[in-house]
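A short worksheet on the structure shown next.
The values are calculated or read from the model by the stated rules, or taken from the named source; none is laboratory data. Since the structure is predicted, the reported quantities are computational estimates derived from the model, not experimental observations. Neighbour counts are summed over all protein chains in view; Cβ atoms, including those assigned to glycine, are modelled from backbone coordinates with ideal geometry. Heads up: the accessible areas ignore ligands, DNA and RNA and are worked out on the full protein's heavy atoms, side chains in. Shrake-Rupley method; radii C 1.70, N 1.55, O 1.52, S 1.80 Å.
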Amino acid sequence: MIFKQLFDQKSSTYTYLIASAKGREALIIDPVFENVNQYVKFLKELDLNLVKVIDTHIHADHVTGASKLKDITKCTTIMGEHTPADTVELKVKDDEYINLDNLKIRAMYTPGHTSDSYSFLMDNYLFSGDTLLINGTGRTDFQNGDAKDAYNSIFNKLLKLPEETLLYPAHDYKGEKVSTIGKEKKQNPRLQVNSINEYVEIMNNLDLKKPTEIDNNVAKNIRLGA
Ligand code: FE
């Protein structure tokens, strides 16, 4: 399998490029607009045909490269069915599978960070978007975020996956690249709570700054960056 984890310096976003082998079909998760040319270069180098691009949710901190990639490669744009983005071509439901050659990727509806947040599971690779981060969790104070939903998505869905599941989030701000569900259960400070109310209390008192370009980014991302 080909698996590349790419990093956007400006927004600390991780983008993932997946394919079964050289010369085959490829999929990209959470592309960043400014880095599309870099992705196209990788696709060419590996002789890959980009057929699918997924956004885990409508991002607030960067503009998606989905539309630009579609223009260049004719790939299908994918998001979960709760997305407010009308131009998404394939809207997947909770537990639906996306195929890529012989690879199968399961969509998991994990609202909370935003009401349209999905995670994607391929074998033991979990692409958690901003739902579950390494040593953190996605904020829940904008885009219909909800700390109770986030708790349920994290505790009743993602943390129920096998402990050895590899966690690949959409961001990291400290240079961490991968974790596991087992590690996060033990070490992630946000997850050391005894009740949903305790979690909600933490999330509702984070007092975070509004992302600088959120209004512009969200407006663009509703059109998939077009
Ligand atoms: Fe986000």
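What about Y125, is it more than 15 Å from the ligand (Cβ to nearest atom) and within 14 Å of the chain's Cα centre (by Cα)?
Here the answer is yes, as Y125 does meet what is asked.
If we scan segment 25-42, do we find a residue that is within 23 Å of M108 (Cα to Cα), open to solvent by 30 Å² or more (accessible area, probe 1.4 Å) and within 16 Å of the ligand (Cβ to nearest atom)? Within segment 25-42 (the criterion being within 23 Å of M108 (Cα to Cα), open to solvent by 30 Å² or more (accessible area, probe 1.4 Å) and within 16 Å of the ligand (Cβ to nearest atom)), the answer is no, since none of the residues qualifies.
Across segment 48-64, the number of residues qualifying as touching a residue at least 60 places away in the same chain (Cβ under 8 Å), part of a loop (DSSP other than H, G, I, E, B) and either away from the ligand (no atom under 15 Å from the Cβ) or among the hydroxyl-bearing types (S, T, Y) (or both) comes to 1. Among the conditions (1) away from the ligand (no atom under 13 Å from the Cβ); (2) open to solvent by 10 Å² or more (accessible area, probe 1.4 Å); (3) aliphatic (A, V, I, L, M), I105 misses just one, which is (2).
Every listed requirement among (1) open to solvent by 50 Å² or more (accessible area, probe 1.4 Å); (2) at negative phi; (3) in a loop (DSSP other than H, G, I, E, B) is met by P211 save one, (1).
Being surrounded by 22 or more Cβ atoms within 10 Å (Cβ to Cβ) and of a type in the set (F, W, Y) holds for only one residue in F142, F155, F127, and it is F127. Go through the residues of segment 174-188 one by one and say whether even a single one is more than 23 Å from I29 (Cα to Cα) and either open to solvent by less than 10 Å² (accessible area, probe 1.4 Å) or outside any helix (DSSP H, G or I) (or both). Looking through segment 174-188, at least one residue is more than 23 Å from I29 (Cα to Cα) and either open to solvent by less than 10 Å² (accessible area, probe 1.4 Å) or outside any helix (DSSP H, G or I) (or both).
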